[in-house]
Each structure stands twice: as C-alpha cells, then as structure tokens.
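Below: one structure, written as structure tokens.
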Amino acid sequence: MFMRKQKRIVNIGGVKIGGDNPVAIQSMCNTDTRDVKATVNQIHELENAGCEIIRVAVPDMVAAKAVADIKKQIHIPLVVDIHFDYRLALECMKNGADKVRINPGNIGDRDRVKQVVEMAKEREIPIRIGVNGGSLERELLQKYGGVTADALVESAMGHVAILDELNFNNVVVSIKISDVPKMLCAYRKFNEISDIPLHIGVTESGTLKGGTVKSAVGIGALLAEGIGDTMRVSLTANPVEEIYAAYDIQKVLGMRKTGAEIVSCPTCGRTQLDLISIANEVEKRAANIDKPIKIAVMGCAVNGPGEAREADIGIAGGKGEGLIFKKGEIIKKVPQDSLVDELMKEIETL
Ligand code: SF4
C-alpha cells in the first residue's frame, strides 16, 4: 500500500472523512425522492446492509421539501444531489440535508452561489463538487481536445476556486468518468495538488457483474494507493448490491475487518461433490455474519485443509461427505447434505 496523503477533515452529518478516518461507504437511492415512504424504506434497507452515507436526487421543490420528512426517519447522513438550482440547495439545507452535491460553477449568478455558501457555512454543511466526464465545460473540451484527466482536474479546480473566493473550504470533490484508466489518472493528479477529501467511484460502470469488476479495478487501485475518502460502487442494480460490493473491495484490501470473507478453491478433477452450489450457499448464509471471519470452501480433503490454513474455519469435500476444519486442523466429518448446516453451527460457536 502507498502512503496515504493527509486530507482535511470534513464532517458529513457526524460521519467524518479525511484525515485518518475510514473510507466511508455510500450509495444513492433509485426511488423517487418525492415518494417519502419508498425512499425511507430503501434507506433502511441500505442502512441494514452497512451504508454509511446516502444520497438522493432532488430534481424539484417537492423533492426538496420531502427531505425534511425523510431526514426524520433515517439514521445515516443524507446527501442531496442538485443540478443548477440554488433554491433547491437552500430548501434542502433548511430541511436538514447533511451534504449538498452541487457544482458552484453551474449555479450561475455570484449572488446565488453566495446564498448557498452562506447557508452551508452557517449550518456547517459540506458541499461536494462532482465533476463528470459527460458534462465538462465546453471551453475545457476545446482546450484539451476532449475529455482528458487534465480537463477533469481543471474543471474541479475551477469549481473549488469559486468556493475558495468565498472562504468556503468545507468541500469534497469527485471526478467521475466511466473510462477507468482516465479516472485513475484524474484522481491521482487531483490528489497531488489538493488536500480536499475525495469521493471516488467509476460512474456508469454497468450491471452487477460488469460494474463490480470495473469498480473493483478503478476504486481498488485508488484505495491501494491511499486515495479516496468516501466511495460509491455505482451499479445498474439494487443499490444494496453497491454496499456489498464496496465492503468486499475494502475487505480485499484489508481496510475493513468486518463480516465474513469467503475463500474457495476453483475446483478441479479432484473435486467429488458439488462445490459450486456449496460455496454459493455458504456465501449467501454468511452474508449476515458481523464478526470478522475467514471461511474456506475447498474441493478436496487432500489439499483443502492445508491450503486453507489461513482460514478460521472451513470445509473440504470428499465423496458424498465433507470435512470441517479449523485453522487447517480437521474437527469432524459430515455427510454432504448437512455440510453447510454443520459449518454454520460451528461458526456460531466461534
Ligand atoms: S483444493 Fe483440491 S479440489 Fe480444490 S482446486 Fe485444490 S486440489 Fe482441486
């Protein structure tokens, strides 16, 4: 791992990012924000999955007013996502929003920007500047001949400068683009020149499988270099999947010691039971485990327990039966149809 560059600390409704704080895991609701009940239900589901900060889209004044009701019923900080309209930002802040995602350069009139900044200062609400490859300023596209990492960074710095002029530095920046190498380059460049905490992610990354891979590569590479203070895995899927994927990425890098980590062998000609179904079942049943535990699912008794010695507990398949082992030591032999049940019972005792 690279050295982590110290970032200024930003407090998002009680969740601190920057400094030595953990990289906070975010998602975004895909409900209509005006439908308070559906939005609150989805946020509760996301909270249960471990979401630490939630964002909602605020396209109009009805949605901005709904923020007050939503806020009362949830337990994690609420970020409002606003395009252009400063009045929506003001209304959301009055209604308890914990962070506002708005680009000051898109608000227009300086007086409007000032009104947003004044209220954000007064209420200690951070602003996230979200630069996106799809909506870069025309001048920058011309200057750089298209969407480049430098163009993205210059766009972000332009928005930052507007807030700087108003002595507002309670800021988070994101630079999103679906091209992973370009995204990496842009975040690295921004990280070099600023101590502003970064919200990282690969935008429009795709469906559950493709998007998870793309995000794991992009976000994972940045995290491994010590870049990133909050993160979102954007998926065309139930947002709960974004939370699971985010924790999985952090767990792979050893940044979160929570929940179960499954290690399983790829199977080979020595496998004598349906290990693929068994591994999937173990993964499903272990999803709700809170304690940090490594579970191995191995295809054969010859190599399984030894190869998975690092695991706290595991199973190794035989013909119609399997072994349960702890730290590589075999503790019992059980028939295949009760293998997963027995494993889960043993896990409970750990
Ligand atoms: S653990 Fe056994 S079954 Fe699995 S890949 Fe290794 S040798 Fe093959």
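Pairs of Cα atoms nearer than 8 Å and 6+ residues apart set the relative contact order; for the chain it is 13 percent. Couplings 3J(HN,Hα) for the range 244-256, derived from phi with the Karplus relation 6.51 cos²θ - 1.76 cosθ + 1.60 (θ = phi - 60°), are 4, 5, 4, 5, 4, 4, 5, 5, 4, 8, x, 8, 10 Hz, where x marks Gly and Pro.
In a fully extended conformation the segment linking LEU253 and GLN6 would gain 87.0 nm over its present Cα-Cα distance, using 0.36 nm per residue. How large, in percent, is the carbon and sulfur part of the accessible surface of the chain at a probe radius of 1.4 Å? Carbon-and-sulfur percentage of accessible area, whole number: 50.
Note on the chain: dipole from Cβ charges, positive end direction compared against VAL116, VAL282, SER215; the farthest Cα belongs to VAL116.
With charges set only on the Cβ (+1 for Lys and Arg, -1 for Asp and Glu), what does the dipole of the chain come to about its Cα centre, in debye to the nearest 20? Kindly include the intermediate steps, with their values, before the conclusion.
Details: 45 positive and 47 negative charges, 74 e Å.
About 360 debye.
For the chain, the solvent-accessible area with a 1.4 angstrom probe is 46 square angstrom per residue. Once the C-beta distance of ARG110 and LYS284 is scaled by a Förster radius of 45 Å, the resulting FRET efficiency is 0.25 to the nearest 0.05. With respect to the chain, whose longest principal axis is taken over its alpha-carbon atoms, helix 339-349 is tilted by about 70°.
Between helix 275-286 and the chain, what is the angle of the helix's C-alpha long axis to the longest principal axis, kept within 0 to 90° and rounded to the nearest 10? Helix 275-286 and the main axis of the chain meet at about 50 degrees. 3J(HN,Hα) along the range 72-78, derived from phi through the Karplus expression 6.51 cos²θ - 1.76 cosθ + 1.60 where θ = phi - 60°, amounts to 5, 10, 10, 10, 10, x, 10 Hz, with x in place of Gly and Pro. For GLU261, the residues whose modelled amide H falls within less than 5 Å of its own, excluding neighbours fewer than 5 places apart on the same chain, are ILE293, LYS294, ILE295. Within the range 10-252, all pairs of alpha-carbon atoms sorted by distance into 10 Å bins from zero give the percentages 8, 33, 39, 19, 1. Placing dummy labels 7 Å off each Cα toward the beta-carbon, the span from GLN272 to PHE84 is 6.9 nm. Taking 7 Å steps out from each Cα toward its Cβ at LYS332 and LYS94 produces label points 6.4 nm apart.
Mean projected area of the convex hull spanned by the Cα atoms of the range 260-349, taken over all viewing directions: 4.9 nm². Each Cα pair under 8 Å and six or more residues apart adds its separation to the average, and for the range 260-349 the resulting relative contact order is 25 percent.
Report the FRET efficiency, 1/(1 + (r/R0)^6), for GLU47 and ASN169, where r is their Cβ-Cβ distance and R0 is 30 Å, rounded to 0.05. All intermediate terms of the calculation are to be shown ahead of the outcome.
Numbers: r = 30 Å, r/R0 = 0.99.
Calculated transfer efficiency: 0.50.
Taking a cut-off of 20 Å, what percent of all Cα-Cα pairs in the range 1-94 are separated by more than that? Of the Cα pairs, 40 percent sit more than 20 Å apart.
The values are calculated or read from the model by the stated rules, or taken from the named source; none is laboratory data. Computed from a predicted model, the values in this text were never measured in an experiment. For neighbour counting, all protein chains shown are included, and Cβ atoms are generated from backbone atoms with ideal geometry for every residue, glycine included. Note: areas computed on protein heavy atoms with side chains; ligands, DNA, RNA excluded. Shrake-Rupley method; radii C 1.70, N 1.55, O 1.52, S 1.80 Å.
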